[in-house]
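Here, each number is a calculation from the coordinates, and none is a lab measurement. Keep in mind that what you see is a predicted model, and the values were worked out from it rather than measured. Backbone-built Cβ (ideal geometry, glycine too); neighbour counts: all protein chains shown.
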Ligand code: NI
């Protein structure tokens, strides 16, 4: 497995629409394994393929209470319910957090790596992660959902791309609770199963 290079805003690939995957080939399994490793190495809870330079329509998610990562091929949000405001960040925009509008509940349809249909009804952090990652695959970023233009803030003075000792490089949120997430996210790559940020 390998840690893949993270694409950062304003890389144009982050604004591109991903292409639906026709046949699930072994190369996709290897690629998604690399995506999972990359997500873990940045202490993220989700990652979409265009964030690591591919326009395949695939995303991975692993929130803290999941034992295994979720691999979502061709994911689509098929239903959204309600509206809430949550704090969010993105591995492609390290060092920033924003207050965004998200749905309370979402329903997602995708395929697993075995080609079988996965249907997910989600709330809270999982719903947020599903919306965030399916957005990525449609060229949409969390900064497109800010509750107001000034609801984006910097949490770090070092907007560097690949370190894991500053607080800013987490994908999605730290918590669904309101309030900016502060630094101190210096956990090592692999205990991040308990640590979304
Ligand atoms: Ni993101």
What FRET efficiency, computed as 1/(1 + (r/R0)^6) with R0 = 22 Å and r the Cβ-Cβ distance, is obtained for residue 66 and residue 1, rounded to the nearest 0.05? 0.75
With r defined as the distance between the Cβ atoms of residue 55 and residue 150 and R0 fixed at 41 Å, what FRET efficiency is calculated, to the nearest 0.05? 0.80
Which whole-number percent is the relative contact order of the stretch 28-105 (Cα, under 8 Å, 6+ apart)? 21 percent
Just the C-alpha atoms of the stretch 33-139: what Rg/Rh do they give, with Rh taken as the Kirkwood radius? 0.93
Would you kindly calculate the mean projected area, averaged across all directions, of the convex hull enclosing the Cα atoms of the stretch 81-125, in square nanometres? 4.1 nm²
Show me 7-18, 119-130, 51-62 ranked by packing, highest mean number of other Cβ atoms within 10 Å first. 51-62, 119-130, 7-18
Subtracting the Cα-Cα distance from 0.36 nm times the residue separation, let me have the gained length for residue 20 to residue 117 in nm, one decimal. 33.5 nm
